[in-house]
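Have a look at the structure below before the remarks.
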């Protein structure tokens, strides 16, 4: 009888130990789930910052025409996600464009759209250029053939309305969507 009592005690202790280990494991897992979720959020924000970093060099800066052409090349693989809008002297009757979001000027100029197309409208909100979607999607993609043809036109001095003079001076700003996500760059030729 003493052997059965000993076995019953060992079985009871084993069951209690098992329950304790499972409880500890579940509480640790629950805590790790929160830590994992927080880590995923941090990684997401870091990835977003890195994705936007390539645009920051164009935020309110004066650049040369060869920088504009370089931007067309570097963003060419992101059709449907990024738009580059360029106003040249040739496309605006030879007049320099005074693009200044803080003064709400320059958005009415004639801009050529590269990389992607949009039917949206540009506006200024809190010194940011906002691209608002019309009835359709905000940006629509172009095929690689169309993007390459537009790039060739931008480099062709015989097409004065589309020509981007590599030595010309441009002012550049970022284009945001209504959620303040960077969607592209706008360039306006000043001389």
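For residues that are in contact with a helix residue (DSSP H, G or I) (Cβ under 8 Å, 6 or more places away or on another chain) and under 15 Å from residue 81 (Cα atoms), scanning just the range 103-146, find the one that is modelled with the highest pLDDT.
If we take residues in the range 103-146 being in contact with a helix residue (DSSP H, G or I) (Cβ under 8 Å, 6 or more places away or on another chain) and under 15 Å from residue 81 (Cα atoms), then 114 is modelled with the highest pLDDT.
Just the residues that are touching a residue at least 24 places away in the same chain (Cβ under 8 Å), more than 20 Å from residue 155 (Cβ to Cβ) and surrounded by fewer than 20 Cβ atoms within 10 Å (Cβ to Cβ), please, taken from the range 79-99.
Once the filter is applied, which keeps residues that are touching a residue at least 24 places away in the same chain (Cβ under 8 Å), more than 20 Å from residue 155 (Cβ to Cβ) and surrounded by fewer than 20 Cβ atoms within 10 Å (Cβ to Cβ), the range 79-99 yields 80, 81, 96, 98.
Consider residue 31 against the criteria (1) out of contact with any strand residue (DSSP E or B) (no Cβ under 9 Å at 6 or more places or on another chain); (2) assigned by TED's automatic domain parsing to the domain that holds residue 112: it satisfies all of them except one. Which criterion is unmet?
Here residue 31 clears every test but (2).
Please enumerate the residues belonging to the range 1-28 that are loosely packed, with under 10 Cβ neighbours inside 10 Å and in a helix (DSSP H, G or I).
Matches in the range 1-28: 2, 3, 4, 5.
Looking at residue 163, is it under 22 Å from residue 61 (Cβ atoms), assigned to a strand (DSSP E or B) and touching a residue at least 40 places away in the same chain (Cβ under 8 Å)? Steps first, please.
Working: under 22 Å from residue 61 (Cβ atoms): yes; assigned to a strand (DSSP E or B): no; touching a residue at least 40 places away in the same chain (Cβ under 8 Å): yes.
For residue 163, the condition - under 22 Å from residue 61 (Cβ atoms), assigned to a strand (DSSP E or B) and touching a residue at least 40 places away in the same chain (Cβ under 8 Å) - is not met.
The values are calculated or read from the model by the stated rules, or taken from the named source; none is laboratory data. Since this is a predicted model, take the numbers as computed values, not measurements. Counting neighbours? That spans all protein chains shown, and the Cβs are built from the backbone with ideal geometry, glycine included.
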